[in-house]
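Take a look at the structure below.
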Amino acid sequence: MKNQSINVRRIFFLNSIIFILVSYILFGTYLLKNESSLFKANKITVDVSLSALIEPPAHLKVISTILFFHDVYLHKETLVVANSPRSENTVIIPFRTLLINTLVDLVAPITALFVVLLILIMCMTLINIKKYNSKLKPVYQKVDALLKSFDDNYQEIKNKGGLIYLETALDNLKEQTANHKAKREEDGICDKLTTLLDRHAYMDHISREIEISTQTGRKSGLLFIDLDGFKRVNDSFGHSFGDEVLVQVSDRLRSVIRSQGLEFKETSLDLEYNLARLGGDEFSIFIQDLTSSEEAIRIASHVLQELERDFLLGNKNIKISASIGIAIYPDSAATPNALLQMADVAMYRAKAHGRGVYRIYTPEMGSEMRRYHYLLEEIRLAINSNSFSLNYQPIIHVDGYTISYFEALVRWHHPSEGYIRPSEFIPIAEDSNLILALGDWVLDEACRQMASWYNAGMKKSRMSVNVSGVQLKHRSLYSWIMSTLSKTNLPASSLMIEITESCFIEASEDIILALEKLRAEGIMIAIDDFGTGFSSLSLLADLPIDILKIDQLFISKAMNNIKYKKILCSIVTMAEQLELKVVAEGIEQIDQLDLLKSLGVAYIQGYLISHPQSSDYIAKKIFQKNLSILAQIGTSIWKPE
Ligand code: C2E
Ligand code: MG
Ligand code: MG
């Protein structure tokens, strides 16, 4: 490029020199010619004697020599040219007249010369440009190829206007590389599916912001957002559908960030730093300069509202809710990681409180969480070291107190904690799927125990085993139960399974089919804790169930509340019509028994009859007395003590 401009300059310089030289010669020749013609014309000449002429000063002499004149004099203070200064008298012309005349005569040829030269320069410049352009062609091609590689839709310009085009193309290239660099930086820190910031970059951002908050003494807030039932969406509609839900959720969260004025962008990247996808169905929002916890609550409520609106995917309308945990810096935690962890703890609490709600972290949540993780490890150890045992609670028929079945209830005597209630450890085992291993052991042990009592004469009573929702989902129900029966040599007619009402509501078609098959084998199925899960009553007609176990809470309410009593009454009537047996759980007092008897409930379970007992205790009680009855009716009698 530089060479090209040097060449152009050289040509221009050379042409100018030629132009000046030619003009000079032309001018000189003309001047001389004009002089003689003017003298001949004799119009403006003056005859003077030579003595009237004075030699001019040196500088005028030099000028006249340059202009080819030698006979230049001063006459009456005017510069004149003399015709023949060697004779006594001579003819003179004022130099100025001679010069003006000559210049006037020269304008036309010099202008023509100038135009010719100008055309010459232009032609040469054009030739040069053409030459350079052809040399630049491979450069254009390379630049075009580069631009095309950045942008598939890039339109090549046909008339490439020399260096100007190249400059524009290079500017374009510069812009594209800058965009590309920014994109690469973005790709490195954002989640591919939702294009939200990823966990790592988000934590870096929070660390920086918290450092600033520490200096300014301001608070910050962090929302941990977890979608409710997202796994079910994935399982029911497939992963690409689930991905689409996550993308739509991200868009809604982006709109919350905008509407709540929470934006934070780094100058070079088009990424929102206060919003991140932490992984799976977990998202988080960071709030700088939090004025009060009410502000965090307001934003969390807004997020819940946004996510509760129906999601439209293809032709499907689905509902998604979320649970939100809120942690506040520095009240809840002192480091970014701890802040996220505490928000996570609060989120779990929100999930436990019925989902679709938010919870703010409190210190006791932290100790609950530590207990949760401690018990989780202890359950794992207890399963491996076979430290669980089973107790059995009889369910009796109100007429004659004959044992209808025993419910197997798992017991855990922890080496240092002592007795830990199932209501504390079963949910943890379910959350972590440890219930699968534990549940396998419970079914084996309960069937083994019942098989030994069956062989001892208890042919007409059953063993009832609780099966949780996690087991229903992850075990292939039919083969799991049937293989346990054959392994323990227990007839199907001696087994019953209890499934809570809430699990029934969520049960898939496959689970219902497996339950129907088990029923066909002779296994009884009970709906447990009925009255707590808000199932519709029509569910009872559709499900493969034999027994309705009414939750103790419902029964204790019916004792004091006439409305509950009426509902209880209609449940019993309806169950009768559907040919379902009704069991009342948690009967502790005689007046409860009387009420249930009066309502027509035939089966009773509760401390009034017996607490859950060890197998030794039960064996003693049923096989020491009433042996003749056992032989007659295939079960025993269990009277309250
Ligand atoms: P559930 O299946 O409804 O079991 C009945 C619960 O009520 C048992 O509590 C039993 O001890 C208690 N109970 C019985 N009669 C009375 C009474 O008169 N008054 C009171 N207050 N309580 C009574 P437990 O053994 O603490 O078990 C609690 C829950 O833990 C069970 O409720 C069941 O959902 C679960 N569970 C227990 N064992 C297992 C098991 O092996 N597998 C699974 N998946 N869940 C189990
Ligand atoms: Mg039960
Ligand atoms: Mg129950």
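The values are calculated or read from the model by the stated rules, or taken from the named source; none is laboratory data. If you're wondering where the values come from, they're calculated on a predicted model, not measured in any experiment. As a convention, Cβ positions derive from the backbone with ideal geometry for all residues, glycine included, and neighbour counts pool all protein chains shown.
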Of all residues being within 16 Å of ligand 1 (Cβ to nearest atom) and within 21 Å of residue 447 (Cβ to Cβ) in the stretch 528-545, which is surrounded by the most Cβ atoms within 10 Å (Cβ to Cβ)? Just the residue, please.
528
Restricting to the stretch 565-623, and then to whatever is small (Gly, Ala, Ser) and not in a loop (DSSP other than H, G, I, E, B), can you tell me which residue is surrounded by the most Cβ atoms within 10 Å (Cβ to Cβ)?
584
Candidate set: the stretch 495-524, residues that are within 12 Å of ligand 2 (Cβ to nearest atom) and not in a helix (DSSP H, G or I); chosen: the one surrounded by the fewest Cβ atoms within 10 Å (Cβ to Cβ):
500
Scan the stretch 310-330 and tell me whether some residue there is touching a strand residue (DSSP E or B) at 6+ places or on another chain (Cβ under 9 Å), part of a helix (DSSP H, G or I) and either surrounded by 13 or more Cβ atoms within 10 Å (Cβ to Cβ) or touching a residue at least 24 places away in the same chain (Cβ under 8 Å) (or both).
no
Step by step: first the residues of the stretch 548-564, then only those that are assigned to a helix (DSSP H, G or I) and surrounded by 16 or more Cβ atoms within 10 Å (Cβ to Cβ), then the one that is nearest to ligand 2 (Cβ to nearest atom). Which residue is that?
552
Please find, among 386, 337, the residue that is in contact with a helix residue (DSSP H, G or I) (Cβ under 9 Å, 6 or more places away or on another chain) and either at positive phi or of a type in the set (Gly, Ala, Ser) (or both).
386
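One line per residue, one yes/no per condition, for (1) within 26 Å of residue 474 (Cα to Cα); (2) within 16 Å of ligand 3 (Cβ to nearest atom); (3) modelled with pLDDT under 95:
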position: 508; (1), (2), (3): yes, no, yes
position: 520; (1), (2), (3): yes, no, no
position: 538; (1), (2), (3): no, no, yes
position: 543; (1), (2), (3): yes, no, yes
position: 546; (1), (2), (3): yes, yes, no
position: 595; (1), (2), (3): no, no, yes
position: 605; (1), (2), (3): no, yes, no
Is there any pair linking a residue in the stretch 547-563 that is of a type outside the set (A, V, I, L, M, F, W, C) to one that is away from ligand 2 (no atom under 16 Å from the Cβ) and in a helix (DSSP H, G or I), with Cβ under 7 Å and at least six apart or on different chains, and which?
557/564
Counting residues that are at pLDDT 90 or above, which helices (runs of 4 or more DSSP H) fully inside the stretch 162-247 reach at least 3?
199-216
Taking strands (runs of 3 or more DSSP E) that fall entirely within the stretch 50-129, which contain at least 1 residues that are of a type in the set (Phe, Trp, Tyr)?
72-75
Over the stretch 400-452, the set of residues assigned to a strand (DSSP E or B) and either aliphatic (A, V, I, L, M) or over 23 Å from residue 494 (Cβ atoms) (or both) is 403, 408, 409, 410, 412, 413, 414, 418, 419, 420
Going by the structure shown, is residue 313 touching a helix residue (DSSP H, G or I) at 6+ places or on another chain (Cβ under 9 Å) and not assigned by TED's automatic domain parsing to the domain that holds residue 229?
no
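Listed here are the residues, each with its yes/no results for (1) over 12 Å from residue 397 (Cα atoms); (2) away from ligand 3 (no atom under 16 Å from the Cβ).
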| residue | (1), (2) |
| --- | --- |
| 588 | yes, no |
| 592 | yes, no |
| 608 | yes, no |
| 611 | yes, no |
| 619 | yes, yes |
| 625 | yes, yes |
| 632 | yes, yes |
| 636 | no, yes |
Given the options 391, 384, name the one that is within 42 Å of the chain's Cα centre (by Cα), polar (S, T, N, Q) and farther than 23 Å from residue 223 by Cβ.
384
Here are some conditions: (1) within 16 Å of ligand 2 (Cβ to nearest atom); (2) β-branched (Val, Ile, Thr); (3) modelled with pLDDT of 95 or more. Residue 470 meets all but one. Which one does it not meet?
(3)
Here the residues within the stretch 388-423 that are under 30 Å from residue 377 (Cβ atoms), away from ligand 3 (no atom under 15 Å from the Cβ) and not aromatic (Phe, Trp, Tyr) are 389, 390, 411, 413, 414, 415, 416, 417, 418, 420
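Matching residues to (1) more than 20 Å from residue 420 (Cα to Cα); (2) at pLDDT 90 or above:
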{"residue": "347", "(1), (2)": "yes, yes"}
{"residue": "350", "(1), (2)": "yes, yes"}
{"residue": "353", "(1), (2)": "yes, no"}
{"residue": "357", "(1), (2)": "yes, yes"}
{"residue": "361", "(1), (2)": "yes, yes"}
{"residue": "372", "(1), (2)": "no, yes"}
{"residue": "375", "(1), (2)": "no, yes"}
{"residue": "378", "(1), (2)": "no, yes"}
Per the filter on the stretch 453-470, residues away from ligand 3 (no atom under 16 Å from the Cβ), touching a residue at least 24 places away in the same chain (Cβ under 8 Å) and assigned to a helix (DSSP H, G or I) are 453, 454, 470
What number of residues in the stretch 471-482 are surrounded by 15 or more Cβ atoms within 10 Å (Cβ to Cβ) and not in a helix (DSSP H, G or I)?
1
Could you tell me which of the residues 502, 538, 493, 556 is under 37 Å from the mean Cα position of the chain (by Cα) and assigned by TED's automatic domain parsing to the domain that holds residue 582?
502
Scope the stretch 128-142; condition over 22 Å from residue 12 (Cα atoms) and touching a helix residue (DSSP H, G or I) at 6+ places or on another chain (Cβ under 9 Å); matching residues
136, 139, 140
Select from the stretch 624-641 the residues that are among the hydrophobic types (A, V, I, L, M, F, W, C), under 30 Å from residue 573 (Cα atoms) and crowded, with 19+ Cβ neighbours inside 10 Å and list them in ascending order.
638
On the basis of being surrounded by 18 or more Cβ atoms within 10 Å (Cβ to Cβ), modelled with pLDDT of 95 or more and in contact with a Gly (Cβ under 9 Å, 6 or more places away or on another chain), does residue 485 make the cut?
no
So which residues in the stretch 581-594 are within 16 Å of ligand 2 (Cβ to nearest atom) and not small (Gly, Ala, Ser), if there are any at all?
581, 582, 583, 585, 587
Looking only at the stretch 340-384, which residues are β-branched (Val, Ile, Thr), part of a helix (DSSP H, G or I) and in contact with a Ser or Thr (Cβ under 8 Å, 6 or more places away or on another chain)?
379
Go through the stretch 561-594 residue by residue and tally those that are within 17 Å of residue 639 (Cα to Cα) and among the acidic types (Asp, Glu).
4
